[in-house]
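Report on one structure; see the data block that follows.
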Amino acid sequence: MKFEELYKPFDVTIDSVRAWVATIMNPSKMCRSILDETPDTPDAVTRALKIWFAGALVTILFAQGAIYRFYNIDPFSLEFYSSIAAILLIGSFLLVLPVYCAFFIFRLSISFRDTFITFLVLTAVFFPLIALASTPILVVILEFLRIIKTHAIDLSTWDNFFTQIGGAFMKTVESNKTTWTIWSHSQSLTSSIPAFLFAIQVSIIFNFLSERYQIERIRVFDAGTFGLVMGGSLIGVVLVSYFFTLYTFMGK
């Protein structure tokens with residue numbers, strides 16, 4: 001193997017991070033660059049995916065890495081990163097698909113290629129911010145998963161299952177009341193921020209597509225919002241997969 005080939009994956013990673021940083025500086029410019037300068041669809045998707053994976057890497061290793069390590073999950077594990085990144089990518093696709101279908105239903109001539117690439121690029125920018133704002137919620141989720149994994153939970157009935165989980169969680173809260181009080185207040189203060197950031201992200205995406213295709217903004221927003229509502233139930237599948245992955249890697 002040649003020396004250049006040996007370092008090729010590392011070079012790709014550095015290029016992806018540089019492109020991600022450039023995207024943060026001007027997301028719309030990066031979207032236009034990929035869509036206009038890369039006519040071949042697979043190449044354009046590849047460029048967008050490199051930026052997306054860089055955003056996911058920053059999110060998993062830095063934005064949420066400390067919390068994962070506290071619950072004995074190694075964020076630097078290739079298996080863990082690959083699993084979480086795959087789930088997030090599937091979630092992004094399941095978000096784009098109903099939006100594109102809504103564009104088709106509303107007779108808006110916006111291509112799936114442009115919609116998907118724009119979502120990938122803009123999502124990469126907002127991933128870390130949404131992840132940071134979701135930290136208090138993530139801690140509660142991980143604590144519940146830890147209780148399920150470390151306690152002998154009777155799975156015979158759902159009522160009994162939730163009663164046991166609730167009881168074990170309350171014991172944990174009582175044993176460290178000050179810490180959980182802080183987290184509770186933090187969750188109350190930050191609970192609306194992830195949704196707010198997501199709304200900003202979606203607004204930028206729809207506005208970009210509206211300008212690119214010179215379609216009235218209200219029509220794009222109406223169709224896009226309808227698509228997000230229509231595909232909202234699909235995100236449940238992604239959340240279940242995400243929780244199961246966290247549960248699987250906890251304590252490894």
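The values are calculated or read from the model by the stated rules, or taken from the named source; none is laboratory data. As the structure is a computational prediction, the values presented were derived from the model and not from experiment. Cβ coordinates were reconstructed from backbone atoms using ideal geometry, including for glycine residues, and neighbour counts include every protein chain displayed. All accessible areas refer to the heavy atoms of the entire protein, side chains included, with ligands and DNA or RNA removed. Shrake-Rupley method; radii C 1.70, N 1.55, O 1.52, S 1.80 Å.
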Translational D in µm²/s for region 52-119 (Stokes-Einstein at 25 °C, 0.890 mPa s, Kirkwood Rh from C-alpha pairs) = 180
Using a cut-off of 15 Å between beta-carbons, work out the net charge of the residues near THR225 (Lys and Arg +1, Asp and Glu -1, THR225 not included).
-> 0
Tell me the label-point distance for the pair SER109, MET230, using the 7 Å Cα-to-Cβ offset, in nm and rounded to one decimal.
-> 2.0
Listed peptides 234-240, 223-229 by packing density, highest first (mean Cβ within 10 Å) = 223-229, 234-240
Kirkwood hydrodynamic radius of region 102-154, from inverse mean 1/r over distinct Cα pairs, in Å | 14.6
FRET efficiency for THR38 and PHE196, Cβ-Cβ distance as r, R0 = 45 Å, nearest 0.05?
-> 0.90
Which distance in nm do the two modelled labels at PHE93 and ILE14 give, with both placed 7 Å along the Cα-to-Cβ direction?
-> 3.2
By average Cβ neighbour count within 10 Å, what is the ranking of 55-61, 212-218 from highest down?
-> 55-61, 212-218
Hypothetical label at PHE243: residues of region 124-139 whose amide nitrogen lies under 14 Å (7 Å Cα-Cβ projection) = 138-139
Most to least accessible of CYS31, CYS101 (protein chains only, probe 1.4 Å) | CYS101, CYS31
